Amino acid sequence: MEEKLLKANKESFKNLIKKQDDKVLEIEKDFLNRYTYDAVSLEGRNKVTYEKVTRIIELNDKTGYSEREIKEVLNHVNAFNHVIKLTNDKDRLNEEDIKDLHQILEEGIVLGGVYRNVNIQIPGATHQPPSSVKVYDRMKRLFNDLKDSNLNYFDEGLLIHATLAKIHPFLDANGRTSRLVLNFYLIKSGYIPISIKIDKRDEYFKALEEFKVNKDINPLKQFVLKLLNDRYYKEILKLQN
């Protein structure tokens, strides 16, 4: 159902954006602000408000919050812009691209682009990430297995996204990194990128946990398909008004 609806929404949106450059630019600007806010807020540590995120991005207003919180906002903007560049330059992502994205996210905060060398526990999760000594092997295996797969962009993006969440290769910013990767593959699939709002947090984490524990990626796939359809619906309404 969601897949059929998505095909129709994708075509409707594609037809509507023709010769509406001003509206398209506004949609892209609004999405970047919302996506950045959702991205830095989803794990609950960054307390910057949506209005402040907008001011940071559009006016370079850096007052009122910690240096780390401000950098997380600006770094995410840079990382997303890098994703857009990658969609023009590359067919698919590799392990080094993942590290590069993480490094951009952590610029000026901690050392980025380096796999963790300590074991970690995720409070409340049924599945726990592998020990640090297994991270390198699990990441290599992921991309080696992808070389022999016949997955389309959409399904490859889902698998990398879910597997990064399962391996948790970095000490911090794993979620932001994996969601940027997912958006790379959505754009390569011809779709618009998506953002996961805080009110969808529990549903999102539950879908990820199904993959981590039971190797079932379908709940995550249905979750992403619905997010895509919801965003297309909202953007189509904007273009029609």
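Take the conditions (1) over 16 Å from Val40 (Cα atoms); (2) surrounded by fewer than 18 Cβ atoms within 10 Å (Cβ to Cβ); (3) among the basic types (Lys, Arg); (4) touching a helix residue (DSSP H, G or I) at 6+ places or on another chain (Cβ under 6 Å); Lys166 misses just one of them, which is (2). The condition (being loosely packed, with under 14 Cβ neighbours inside 10 Å, part of a helix (DSSP H, G or I) and in contact (Cβ under 8 Å) with a residue 12 or more places away in the chain) is satisfied by just one residue among Glu58, Glu69: Glu58. Of all residues in the stretch 138-154, those being part of a loop (DSSP other than H, G, I, E, B) and at pLDDT 95 or above number 2.
Residues are listed down the side, and each one gets a yes or a no for (1) touching a residue at least 12 places away in the same chain (Cβ under 8 Å); (2) hydrophobic (A, V, I, L, M, F, W, C):
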residue: Leu86; (1), (2): yes, yes
residue: Gln103; (1), (2): no, no
residue: Val110; (1), (2): yes, yes
residue: Gln121; (1), (2): no, no
residue: Ala125; (1), (2): yes, yes
residue: Ser132; (1), (2): yes, no
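Looking only at the stretch 207-222, decide whether some residue is within 28 Å of Glu107 (Cα to Cα), in a helix (DSSP H, G or I), of a type outside the set (A, V, I, L, M, F, W, C) and in contact (Cβ under 8 Å) with a residue 12 or more places away in the chain. Checking the stretch 207-222: not a single residue is within 28 Å of Glu107 (Cα to Cα), in a helix (DSSP H, G or I), of a type outside the set (A, V, I, L, M, F, W, C) and in contact (Cβ under 8 Å) with a residue 12 or more places away in the chain. Taking the stretch 109-124 as the range and being surrounded by 12 or more Cβ atoms within 10 Å (Cβ to Cβ) and either in contact with a helix residue (DSSP H, G or I) (Cβ under 6 Å, 6 or more places away or on another chain) or basic (Lys, Arg) (or both) as the test, the residues that pass are Ile109, Gly112, Gly113, Tyr115, Arg116, Asn119.
Per the conditions (1) closer than 24 Å to Lys206 by Cβ; (2) without any contact (Cβ under 8 Å) to a residue 12 or more places away in the chain, the sole criterion not satisfied by Arg34 is (2). Can we say Asp145 is surrounded by fewer than 18 Cβ atoms within 10 Å (Cβ to Cβ) and farther than 19 Å from Ile217 by Cα? The answer is no for Asp145.
The values are calculated or read from the model by the stated rules, or taken from the named source; none is laboratory data. Here the structure is a predicted model, which means the values were calculated and not measured. With ideal geometry, Cβ positions are generated from the backbone for all residues, glycine too; neighbour counts draw on all protein chains shown.
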